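Down below is the structure, laid out as structure tokens.
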Amino acid sequence: MPMNCLLIGAGGHAKAVVEAARASLGGVSAYADPKPADWLDAAQIDDDDSAGAGDMPVILGLGGVTAEHLEKRLALLRRYLGRGHAAPVVRHPAAYISAAAELGAGSIVLGGAVVQPGAVLGEGVIVNTRAVVEHDTAIGAGAHIAPGAIVLGGCRIGDCAMIGAGAVVLPGAVVGDGELVPALARHGDPA
């Protein structure tokens, strides 16, 4: 059943999130952002007024590439959850998500991304465009798997960690909370 959602943050990353939300959830009827979003056909509300948005589910349009930004993003999601808002999973129709994967509240899986069996995504995770999360991998709350990144099987990615664009995390590797794996890097090489 289609639902109207409240978008939190309406910058550039939000454009991809809204496209996926329209296809998977129904749409966005309001957004909270201090700047107007001329590209979005929805009512702009003040963040302080969003508490009065009733039972409207929220989706995060904010991205983040540093541990600090990802921690703030996760705290924002948890604040809305604490207010009683639901945070549905946003799934782009061109993404593949195994029925045997688990996705936490407010997770976002964008176009061309793959989430394999046994993968577990914490709340507020971003699996960005064409990123891959292989089997039996755990992605911590608030982490961001950037476009084209590949996280191979059996990995453990910490809360609010950032796996940069095109990076490869090798099988069984561990990335700590708030850690950055830079774009195009390999992580987890044998010593």
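The values are calculated or read from the model by the stated rules, or taken from the named source; none is laboratory data. Note that this is a predicted model, so its numbers are computed, not measured. With ideal geometry, Cβ positions are generated from the backbone for all residues, glycine too; neighbour counts draw on all protein chains shown. To get the accessible areas, we keep the full protein, side chains included, count just its heavy atoms, and leave off ligands, DNA and RNA. Shrake-Rupley method; radii C 1.70, N 1.55, O 1.52, S 1.80 Å.
What the table shows:
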item	result
Built amide H within the under 5 Å cut-off of V175, gap 5+	R156, I157, G158
Heavy-atom surface of the chain, accessible at 1.4 Å and reported per residue (Å²)	44
Under 5 Å, built H, 5+ apart or other chain: amide partners of I150	V132, A167, V168, V169
Along principal axes, Cα extents of the chain, largest first, whole Å	53, 32, 29
³J(HN,Hα) computed for each position of the stretch 163-171 - Karplus, 6.51 cos²θ - 1.76 cosθ + 1.60, integer Hz, glycine/proline x	9, x, 4, x, 6, 10, 9, 6, x
Debye equation applied to the C-alpha atoms of the stretch 95-149, log10 I(q)/I(0) at 0.13, 0.27 Å⁻¹	-0.22, -1.05
Between 0 and 90°, nearest 10: helix 67-82 axis offset from the chain longest Cα axis	50
Between helix 12-24 and the chain: long-axis angle, C-alpha atoms, 0 to 90°, nearest 10	80
Net charge dipole size for the chain [Lys, Arg +1 and Asp, Glu -1 on Cβ; Debye, nearest 20]	320
Amide proton proximity set for A101, modelled H, under 5 Å, gap of 5+	G118
P(r) tail fraction, the stretch 105-191 - alpha-carbon pairs more than 22 Å apart, %	8
Percent accessible area from carbon and sulfur atoms, the stretch 87-168, protein chains only, probe 1.4 Å	57
Amide N proximity, the stretch 108-137 versus M3 label position 7 Å along Cα-to-Cβ, cut-off under 16 Å	108-109, 123-125
